């Protein structure tokens, strides 16, 4: 899944982004659930490998070069066996994928929060173009100048009549 692409927001299409948000969240929640399920199944395989090795070690200690069967000796022997190490490494990889999916779900939740804030900013006209502040004294002077010009033109037209 390409969650790094999916978390991006187009501020010019907030309505479309909001419409996509629920399906994106569902997509990543489902992916997380699938990875957790896979990880749980792999954990079960690790436990089975451990149990089988434990039984085999206790049944045939000579096969594993164990002179005295102790809990520590059995556990230490289990973790050095290839079948256990392979199952455990696959399980560790699945836990990593679960963490990545968890991060993606959190990113989608952050995306929702970002969309909410962008909509608020939009409502406050944050994205509107810049407005030039008015220079009231200059406008007042121009208005007075215009009034004087109008008065002068009016006087001239009255004199001609």
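Every number here is computed from the coordinates shown, using simple stated rules; none is lab data. Values in this document were obtained by computation on a predicted structure and should not be read as measured data. Counting neighbours? That spans all protein chains shown, and the Cβs are built from the backbone with ideal geometry, glycine included.
A few comments on the model shown:
- Taking 58, 97, 38 as the candidate residues, the one with maximal mean-square fluctuation in a Gaussian network model of the chain, Cα springs under 10 Å, is 58.
- Residues 101, 29, sorted so that the one with the fewest Cβ neighbours within 10 Å comes first: 29, 101
- Segment 78-102 versus segment 2-32: alpha-carbon centroid distance in Å: 30
- [x] 59, 53, 25; [y] 53, 37, 31; [z] 132, 28, 17, with the label sought being that of the calculated Cα extents along the principal axes in Å: [z]
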